[in-house]
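*Asks:* The structure that follows is given in the form of structure tokens.
The values are calculated or read from the model by the stated rules, or taken from the named source; none is laboratory data. Since this is a predicted model, take the numbers as computed values, not measurements. Every residue, glycine as well, gets a Cβ built from its backbone with ideal geometry; the counts of neighbours run over all protein chains shown. These area figures cover heavy atoms from the full protein model, side chains too; ligands, DNA and RNA do not enter into them. Shrake-Rupley method; radii C 1.70, N 1.55, O 1.52, S 1.80 Å.
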Amino acid sequence: MSEVKASANSLMQARVAKGPRDPWAVLRWTLLAMGAIVMVMPIIYMLSASIKYPFEMYDLNIIPKEPTFENYTYVLSDGRFLRWFGNSFLIATLTTISAVFFDALVGYALCKFQFRGRTFVFIAILSTLMIPTEMLVIPWYLMSKTFGWLDSYWGIMFPGVMTAFGTFLMKQFFETVPDDFLEAARIDGLNEFQIWWSVALPLVTPALSALAIFVFLGNWTAFLWPLIVTNSQDLYTLPVGLTTFSVEQAVEWELIMTGAALATIPTLIVFLLFQRYIIRGVAMAGLKG
Amino acid sequence: MATVSLRNLTKAYGKTRVLHGLNLEIGDGEFVVFVGPSGCGKSTTLRMIAGLEEVSGGEISIGGQVVNHLEPKDRDIAMVFQNYAIYPHMTVRKNIGFGLRRAKMPKADKEKRIEEVGAMLSMTEYLDRKPAQLSGGQRQRVAIGRAMVRDPAVFLFDEPLSNLDAQLRSQMRLEIKKLHQRVNTTIIFVTHDQVEAMTMADRIVIMKDGHIQQVGTPAEVFHKPANIFVAQFIGAPSMNLLEGRAKGQGVEVAGRKIARATGVAEGAAVTVGIRPDDLLVTEEAGSFEGRITVLEPLGSETLAYVDIGGQEVVARADGRNPPALGAVVQLSVAPENLHLFGADGKAIR
């Protein structure tokens, strides 16, 4: 016990001896705190608005005078909301599975196989990262129209079944897998697909997890392309569906905010469970998703 | 078990040739060590035998069958890699059993085989551990176990001990040698460490710049080196080399006639090689006289660096009563322990 007291005393003495706080540290923490506030405020406002009545919507108070959960009851009892939620979940899940599979396959091939035109293919894939989605929607739309994919699940999903970012991320991770592992498996009699599946993939699990999270979140929040490619309300994804609460005569902000609050739950769960993989994935790839 | 033959084996990367027509016959059950400095082509040769590198020219046969165009899995070989290459996501049991995936045998027999190999390598109690929970030596045993489990015709080892510390390396050397005596499978072992080569091999293949310099038993390459490179590469400390000249049926070094040399033209330059072990510091009149510049006490003996007429040699002195630093001493060598090399670097017999 006395040892604990002694060490606590010495710690305090050390702090006192350090003198006044470093002004740069104060500035750093202030800037960080301001950044955090800027990031968190919209979420807090969204949650606050979701428990407000319409008459209070344009008051900027965070804590409502008359809080209510009627908005949640209304949104959840509206069959359309659950349908859109299901659509988003289905599309995000299938696209994630597909993107992770193909990105890992292509990334592996670009990393571990020597073939003519390898660099050209890699640069071509990488260059698509530099084209904004807003520009890509025109060729996507023309393709969908030509092949009859408009207003279908496949129409929403096809641009995301393989991603340039994911291919780049996986290629970077496969660089860290020593060739000895693959050669040992080759000698043990595995074919190239089995080597990829049984040996290489398990060694890049953190990258796979990070990629799965990126792709899932990207598809969950996608708005522009699903809005363009769908007409039927039954095929709407959640972000598109929420806009139906806004009509010419009125914008039902409390319902939009309630829907948005509910929509963040899966992304929050995914983030909290896998945040260390996201950070590692971003650090490894050297860019943001 | 199988024989391995290399006939005029060449390897080129673009216009750069790295192997220049290797010819070698490896006997059934033989333990052959490829040794040489970095970049000599020993690992490339091994990888070509394994089928991991394409053959640019020549032939490789295993068990009498030309395997140039066979996939690695069809060559009946197993390989142990420098970095072990044991899969970190699998237990020791799964790692060892990985090579049996293609084997058409009942699951119970596979399990039995894994247990047998585990027992042979003293790894039974670690079979359900992951590689991260093992020491370096244990990981190396797992890598060997994975190679053994398939009972291949030829084992290939690519510098498997280079990641281990000195003590563990000597222990694993012994274990691999015992393993060879037990299973008696043909082994081709690559290393850059001449001590490993000397202690393990039935025959040593010494390579330099893509050429085989000499093939022989450890005793042959040590006592009868084919050229200056082999003489210097094998043995620690390296063989002393002294510049001399043929004179009157002998060789004169530092003003003294020390050896007989037949078939060498009068006045021709000759290099005289003397192993440090054969060059003794004595009190009696010896072959050379010189001044001690450095002493290296090793316990049972002391290595003395001696300057003789501007050329430095290493000699062996008593460990208990070493000579003094700076002392002028006599060095003696028995004539039969002298190695003579011509101007082309080849041994003069």
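*Asks:* Which residues, taken from the stretch B:77-87, are more than 7 Å from every other protein chain (Cβ to nearest Cβ) and assigned to a loop (DSSP other than H, G, I, E, B)?
*Replies:* B:Gln82, B:Ile86
*Asks:* Among the helices (runs of 4 or more DSSP H) confined wholly to the stretch A:132-220, which include 1 or more residues that are within 12 Å of chain B (Cβ to nearest Cβ) and open to solvent by 40 Å² or more (accessible area, probe 1.4 Å)?
*Replies:* The qualifying helices (runs of 4 or more DSSP H) are A:179-187, A:205-220.
*Asks:* Filtering the stretch B:90-118 down to residues that are facing chain A (nearest Cβ under 10 Å), in a loop (DSSP other than H, G, I, E, B) and of a type in the set (A, V, I, L, M, F, W, C), which residue is surrounded by the most Cβ atoms within 10 Å (Cβ to Cβ)?
*Replies:* Only one residue tops the list, namely B:Met90.
*Asks:* Next question, about the same structure. How many residues does the stretch A:50-65 contain that are surrounded by 13 or more Cβ atoms within 10 Å (Cβ to Cβ) and assigned to a loop (DSSP other than H, G, I, E, B)?
*Replies:* 5
*Asks:* Which residue out of B:Arg291, B:Arg316 is outside any loop (DSSP other than H, G, I, E, B), open to solvent by 50 Å² or more (accessible area, probe 1.4 Å) and under 22 Å from B:Ile234 (Cα atoms)? Even if it seems obvious, please write down each step before you answer.
*Replies:* Details: B:Arg291 fails: under 22 Å from B:Ile234 (Cα atoms).
Exactly one of B:Arg291, B:Arg316 is outside any loop (DSSP other than H, G, I, E, B), open to solvent by 50 Å² or more (accessible area, probe 1.4 Å) and under 22 Å from B:Ile234 (Cα atoms), namely B:Arg316.
*Asks:* Take the residues in the stretch B:56-75 that are farther than 24 Å from B:Ala12 by Cβ and not small (Gly, Ala, Ser), then tell me which one is surrounded by the most Cβ atoms within 10 Å (Cβ to Cβ).
*Replies:* Of all residues in the stretch B:56-75, those farther than 24 Å from B:Ala12 by Cβ come to B:63-65, B:73-74.
Those left that are additionally not small (Gly, Ala, Ser): B:65, B:73-74.
Working: B:Gln65: 12, B:Lys73: 17, B:Asp74: 12.
Looking at residues that are farther than 24 Å from B:Ala12 by Cβ and not small (Gly, Ala, Ser), I get B:Lys73.
*Asks:* Mind listing whichever residues of the stretch B:2-55 are under 17 Å from B:Pro72 (Cα atoms), surrounded by 15 or more Cβ atoms within 10 Å (Cβ to Cβ) and among the charged types (D, E, K, R)?
*Replies:* B:Arg47, B:Glu53
*Asks:* Hey, another quick one. Considering each of B:Ala85, B:Ala78 in turn, give the residue that is crowded, with 21+ Cβ neighbours inside 10 Å and touching an Asp or Glu at 6+ places or on another chain (Cβ under 7 Å). Explain how you work it out, then say what you get.
*Replies:* Values: B:Ala78 fails: touching an Asp or Glu at 6+ places or on another chain (Cβ under 7 Å).
Sole residue among the options that is crowded, with 21+ Cβ neighbours inside 10 Å and touching an Asp or Glu at 6+ places or on another chain (Cβ under 7 Å): B:Ala85.
*Asks:* Taking the stated definitions as given, is B:Gln167 open to solvent by 60 Å² or more (accessible area, probe 1.4 Å) and assigned to a helix (DSSP H, G or I)?
*Replies:* So B:Gln167 passes the test.
*Asks:* Could you list all residues from the stretch A:66-102 that are in a helix (DSSP H, G or I) and among the aromatic types (Phe, Trp, Tyr)?
*Replies:* Going through the stretch A:66-102, the residues in a helix (DSSP H, G or I) turn out to be A:70-77, A:79-102.
Those that are in a helix (DSSP H, G or I) and among the aromatic types (Phe, Trp, Tyr): A:Tyr72, A:Tyr74, A:Phe81, A:Trp84, A:Phe85, A:Phe89, A:Phe101, A:Phe102.
*Asks:* Does B:Ala265 meet the test of being open to solvent by 30 Å² or more (accessible area, probe 1.4 Å), in a loop (DSSP other than H, G, I, E, B), over 21 Å from B:Arg245 (Cβ atoms) and free of Cβ contacts under 8 Å to residues at least 40 places away in the same chain? First the steps, then the outcome.
*Replies:* On the way: open to solvent by 30 Å² or more (accessible area, probe 1.4 Å): yes; in a loop (DSSP other than H, G, I, E, B): yes; over 21 Å from B:Arg245 (Cβ atoms): no; free of Cβ contacts under 8 Å to residues at least 40 places away in the same chain: yes.
Considered against the rule, which asks whether it is open to solvent by 30 Å² or more (accessible area, probe 1.4 Å), in a loop (DSSP other than H, G, I, E, B), over 21 Å from B:Arg245 (Cβ atoms) and free of Cβ contacts under 8 Å to residues at least 40 places away in the same chain, B:Ala265 comes out as no.
*Asks:* Need the failing condition index for A:Arg116 against (1) open to solvent by 30 Å² or more (accessible area, probe 1.4 Å); (2) part of a helix (DSSP H, G or I); (3) more than 14 Å from chain B (Cβ to nearest Cβ); (4) not hydrophobic (A, V, I, L, M, F, W, C), just the number.
*Replies:* Tallying (1) open to solvent by 30 Å² or more (accessible area, probe 1.4 Å); (2) part of a helix (DSSP H, G or I); (3) more than 14 Å from chain B (Cβ to nearest Cβ); (4) not hydrophobic (A, V, I, L, M, F, W, C), A:Arg116 fails exactly one: (2).
*Asks:* Among the residues of the stretch B:319-349 satisfying the criterion of being part of a loop (DSSP other than H, G, I, E, B) and buried (at least 18 other Cβ atoms within 10 Å of the Cβ), which is farthest from the chain's Cα centre (by Cα)? Walk me through it before giving the result.
*Replies:* The initial filter retains those residues of the stretch B:319-349 that are part of a loop (DSSP other than H, G, I, E, B), namely B:319-327, B:333-334, B:342-345, B:349.
If we keep only those that are buried (at least 18 other Cβ atoms within 10 Å of the Cβ) as well, we get B:322-323, B:333, B:342.
On the way: B:Pro322: 32, B:Pro323: 34, B:Val333: 27, B:Gly342: 25 Å.
Checking each candidate, the answer is B:Pro323.
*Asks:* For the stretch B:217-262, give me the residue count where each residue is of a type in the set (Lys, Arg), farther than 19 Å from B:Val313 by Cβ and not in a loop (DSSP other than H, G, I, E, B).
*Replies:* Of the residues in that region, 2 qualify.
Per-residue answers, yes or no, for (1) among the polar types (S, T, N, Q); (2) within 14 Å of chain A (Cβ to nearest Cβ):
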| position | (1), (2) |
| --- | --- |
| B:His69 | no, no |
| B:Arg75 | no, yes |
| B:Ser135 | yes, no |
| B:Arg139 | no, yes |
| B:Pro152 | no, yes |
| B:Phe155 | no, yes |
